[in-house]
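These notes concern the structure reproduced below.
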Amino acid sequence: MGIVIGLFLLMVFSVVLPTIGTTGYMLWKRKIGGKEIGLGLLVSLILFLLTSLSYLLQKEAWVFGYLFRYPLIMIVVPSLFYPYFLKSKKPILNYWSTLLAISISLTGILGVVFYEPFSHIMEFLQIKTHH
């Protein structure tokens, strides 16, 4: 099972690292500012809360499920929408592509920095886990 988790997380990091580069470039060129970073963080927070709610409604989960579900919903799914929003001719969708890039970047960075406390999310949510 470790190989599957490792390959999945490697795929997630292959999405996060270029997105961090894109977000850094936008910051460097001053295409984004505090407002966009705040909104990107809000997108991440909303996705985190929705994912946590899905666990609360489930009441029981696989012990390593958080290693799949959180990255899937918070990184992989937004990264699927990102290129379509980026290439859209609608300005609002272009703006959302920026927010998604920021959200993916912040989620990746915060996921690494706060991995240790996050690894206890199931205990915190009082979700029964099984192997």
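The values are calculated or read from the model by the stated rules, or taken from the named source; none is laboratory data. Worth saying up front: this structure is predicted, and the values here are computed from it rather than measured. Quick reminder, even Gly has a Cβ in these numbers, built from the backbone with ideal geometry, and neighbours come from all protein chains shown. With ligands, DNA and RNA removed, areas are computed over all heavy atoms of the protein, side chains included. Shrake-Rupley method; radii C 1.70, N 1.55, O 1.52, S 1.80 Å.
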Applying the gyration tensor rule to the Cα atoms of the stretch 52-92 (axes a ≥ b ≥ c; rounded if a/c under 1.5, else prolate if a/b exceeds b/c, else oblate), the class is prolate
Take the solvent-accessible surface of the protein heavy atoms, probe 1.4 Å, and return the percent of it on the chain that carbon and sulfur atoms account for.
74 percent
At 0.36 nm per residue, minus the direct Cα-Cα distance, what do residue 57 and residue 123 gain on full extension? Give it in nm, one decimal, please.
22.3 nm
Straight-line reach only, C-alpha to C-alpha below 30 angstrom: list the lysines that residue 31 could link to, leaving out same-chain residues fewer than 8 apart.
87, 89, 90
Karplus-derived 3J(HN,Hα), 6.51/-1.76/1.60, for each residue of the stretch 40-50, Hz, glycine and proline x
x, 5, 5, 4, 4, 5, 5, 5, 4, 5, 5
Proximal aspartates and glutamates to residue 128, defined as alpha-carbon separation beneath 17 angstrom and excluding residues fewer than eight positions away on the same chain:
60
For the stretch 1-85, what relative contact order do you get, as a whole percent, if you take Cα pairs closer than 8 Å and at least 6 residues apart?
47 percent
Efficiency of FRET from Cβ geometry, residue 30 and residue 8, R₀ 22 Å, rounded to 0.05
0.05
Go through the stretch 2-8 residue by residue and turn each phi into a ³J(HN,Hα) via Karplus (6.51, -1.76, 1.60, θ = phi - 60°); whole Hz please, and just put x for glycine and proline.
x, 5, 5, 4, x, 5, 4
So how much slack lies between residue 84 and residue 113, counting 0.36 nm per residue of separation and subtracting their Cα-Cα distance, in nm?
7.5 nm
Let me have the 222 nm mean residue ellipticity of the chain computed from DSSP H runs of 4+ only, each contributing -39500 (n - 2.57), with the sum over all residues rounded to the nearest 500.
-24500 deg cm²/dmol
What is the Å³ per residue value for the convex hull set by the Cα atoms of the chain?
109 Å³
Please compute the per residue accessible area over the stretch 17-131 with all protein chains in place, 1.4 Å probe, rounded to a whole number of Å².
64 Å²
With all protein chains modelled, accessible area of residue 74 [1.4 Å, Å²]:
20 Å²
